[in-house]
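Take a look at the structure below.
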RNA sequence: GCCCGAGUGGUGGAAUGGUAGACACGACGGAUUCAAAAUCCGUUGCCGCAAGGCGUGCCGGUUCAAGUCCGGCCUCGGGUACCA
């Protein structure tokens, strides 16, 4: 009997697809278009299982949509700028461009064997001047439209290497290479005015019906619309020009509980004070230590410095509050100053306790509750509480009611106004790095910042210093050190001027690539008729880690491109449907060195030893040494070795399950091994089969083996059917076809709803049915061909092979998706479980159309029900037709 | 710290508020084989001989009925604006 030989099958069908150019996307009037896009990869050099999972899911959708009569666009590109290329150049010489292009070549070669339905003619790389030149054109249009501006912003500064560090390059507050304590420093940088769109970016989330609710919620929280009160405290003993401190609060109802005012170390008043006061300067310097991340700032120890300045409480001018500089107050949000109400805010409570400030409640859980609080009292804003120091109105009200009342009261009394603020900050795009898209502007002493002329685009990244290579091992941006690249005439006045050396954040590159795919070679960023036809992306698929930043920036870019005429109004929200997949994880195998530090081992170097339900992991090298592998060793000896690892765990291998695959932890599984051992269809089938796509999946070798066995089984069934007697009658044709139609229905539903794992379970079940079937040739042939079609989005090569084996015309990629016959889906009799008091006691077989009354009668007469009731009279009988009976006693 | 998720047998997981554990792995038993691999058939949540009882991270609630809904926790994961 011939065997399933994926290597040969897969090469043959990939060639067939390529020869007939089946995946090339061309505009067409006769079919509805469908644009499916997976988040494009960073070219790290090796594809990993996460890529395989991501692109296989997209491929299933693309192939399914093709089969259901759509004109499908399914492109692929490379998110090719970014830090890792520069890090590689820094670590081992070489050039970021060479490293990146080599990686693209390698990864493409690794992706090709997966048999993805990609239109490779649209391939793009963001590091190619053909792409980033158009991005520069977009930037200039945005600049002209007032969507870009410059301002100061803080960066991580390494005082030893004298460079800006990315957050990732800051480890425990220190520079990753120098080990120096990082400082926060201000630089003038370019910004996109994303905050102007806050209201729309928030409101439009409502219309994204096919986005995961959790992503919309995360984005909404990130944009962070809040209503609050902005008002000013009058100061006492403050320097000139600071007779007022503006604060913003979302809890004006707690104003009467204010016990201090806090200002950011970057607040103008704090900066003024530090000029003349060494203690303030020292404190502010302390606050500026450490990285810029919100996480670092929020989890740092809360520090305050009493400036000696006082402010008057607006409703009790005899009540003076101290003004502290506090390290947890961000200049970027609100006014950079707050009032602290320790009674109703955990952070303020901690601060007040530390600096011995009063804790004054404004509301309590009840009228007679003790006003002395042992901890901050922070109920939900919707809970009714008793206001012992409230503003107008009832004393019993919810926080939300009280906030509205407080704003109204303050406005009436001339203390500030109610304002709406957003948490969303403008998007800083300047990067002081080489491997990115140059910002196309020139700095002229006379004209200031001047945009480069469009005819001079692209502003290309210089490959080297002119005659010598860049030295990437020197910290800092090599563009700053180029002898001539910066020297250009001013585009406005022609005098000698300096080119901007900052490059763009790589998030800019990934914010419009979906639009570029509609016309990837055009000499404008987009082409109107192509964009109008192909946009929007009908299904976008990618990792949940992009839920906020990438997706928000891409939504902003669609709006900015609409404003500047590069995208139609209909592309305002560019992604109609979004699916966020989980990560592929893998166990980490580690032993410890003498200092207890982990040593990471490759999965291939580790062996799992099992006996019964117990198991232990050991290093193969160690097993070798102990004679475990010697041929004459019996099972008892092997078990004794295995158990010895349990007794001496220090030599056994520790297992950390479900860790994100990471090169440094040696737990990355190379999909190429799976493909070369079992074929692409097995790899594809496996990554789809076990876990729901939105959840993380742990890669295990045994699962791949099972997937391969299954595909072999299907192939063997196909082979067997081919040998059958064409004329002989069989038994159970009807049952087989019924099962087939149910499977069509279930698999279609599964694919439509991203329930790939459930769809595959149904395919397993149907395969078992077919394998055992004694039906005649005709029915079995119909069943195997339908099975091939249903599997074709997941295992396209095998499907094509079965199709051809059964003598079908043409390619299965061109075959229309099977339709379930509704009449075949209904059952005549059904099984109904009977519960007594919610516990299942029996089940009965009844005709599907039996009335409630008859079902109830049957249920009550059931021997097990009678026994359980033990003579008690049932109080109520609930019959849910077609589902269940519950007898309440 | 803050925002968002997830938690179900030995394992991955299934289950429009309606029989918890589909499907698969592993394990065990059997067929086939000189033997093995491969393949095929069967058993398999836990406790119990059985009857039965217990079971979806923990505590509480709503409901005739809760893995699913609500409240409070715990643990793990993602994001936290310069990783992509």
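Students often get this wrong: which residues of the range A:183-201 have the backbone nitrogen under 18 Å from the point 7 angstrom along Cα-to-C-beta of residue A:411?
Flagged as within label range: none.
Please give, to one decimal in nm, the separation of the simple spin-label points placed at residue A:108 and residue A:204, each 7 Å out from Cα toward the Cβ.
Computed distance between label sites residue A:108 and residue A:204 equals 3.3 nm.
Quick one: which of A:235-246, A:56-67 comes out on top by average Cβ neighbours within 10 Å, and what's the full order, highest first?
So the order, starting with the most tightly packed, is A:56-67, A:235-246.
Going by how many other beta carbons lie within 10 Å of each one, how would you line up A:23, A:517, fewest first? Show your work: numbers first, answer last.
On the way: A:23 21, A:517 27.
Arranged by neighbour count, lowest to highest, A:23, A:517 become A:23, A:517.
Once you have a ≥ b ≥ c as the square roots of the Cα gyration tensor eigenvalues for the range A:247-370, tell me rounded if a/c is under 1.5, and otherwise prolate or oblate according to whether a/b is larger than b/c.
It is prolate, given that a/c is not under 1.5 and a/b is the larger ratio.
Decide, for the range A:195-251, between rounded, prolate and oblate: order the square roots of the alpha carbon gyration tensor eigenvalues as a ≥ b ≥ c, take rounded if a/c falls under 1.5, and otherwise choose prolate if a/b is larger than b/c, else oblate. All intermediate terms of the calculation are to be shown ahead of the outcome.
On the way: a/c = 4.70, a/b = 3.75, b/c = 1.25.
It comes out prolate by the Cα gyration axes.
Rounded if a/c is under 1.5, else prolate if a/b beats b/c, else oblate: with a ≥ b ≥ c from the C-alpha gyration tensor eigenvalues square-rooted, which is the range A:757-804? Can you show the working numbers first?
Working: a/c = 2.78, a/b = 1.20, b/c = 2.31.
Note, shape of the range A:757-804 comes out oblate.
Helix A:635-647: angle to the longest alpha-carbon principal axis of chain A, degrees 0 to 90, nearest 10?
20
How far, in degrees from 0 to 90, does helix A:6-19 lean away from the longest principal axis of the Cα atoms of chain A, to the nearest 10?
70
Using a 10 Å cut-off on Cβ atoms, rank the peptides A:788-796, A:721-729 from the highest mean neighbour count down.
Answer by packing, highest mean first, reads A:788-796, A:721-729.
Report, in deg cm²/dmol and to the nearest 500, the calculated mean residue ellipticity at 222 nm for chain A, where each DSSP H run with n ≥ 4 adds -39500 (n - 2.57) and the sum is divided by the residue count. Could the numbers behind the result be given before it?
On the way: 28 runs with 312 residues, N = 889.
Estimated from H runs of four or more residues: -10500 deg cm²/dmol.
Over what distance in Å are the Cα centres of the range A:447-482 and the range A:493-558 separated?
22
To the nearest 10 degrees, how steep is helix A:796-805 against the longest Cα principal axis of chain A, on a 0 to 90 scale?
Once rounded, one gets 20 degrees.
So the label point goes 7 Å from the Cα of residue A:28 along Cα→C-beta, right? Which residues of the range A:98-118 then have their backbone N under 13 Å from it?
Backbone N within reach: none found.
If R0 is 45 Å, what FRET efficiency do you get for residue A:225 and residue A:354 from their C-beta distance, rounded to 0.05?
FRET efficiency, residue A:225 to residue A:354: 0.90.
Packing-wise, with mean Cβ within 10 Å as the measure, how do A:868-878, A:706-716, A:617-627 rank, highest first?
Top to bottom by mean Cβ count within 10 Å: A:706-716, A:617-627, A:868-878.
Throughout, read-outs are computed from the coordinates displayed, never taken from laboratory work. A quick note: this is a predicted structure, and the numbers were derived from the prediction, not measured. Heads up, the Cβs are rebuilt from the backbone with ideal geometry, glycines too, and the neighbour counts pull from every protein chain shown.
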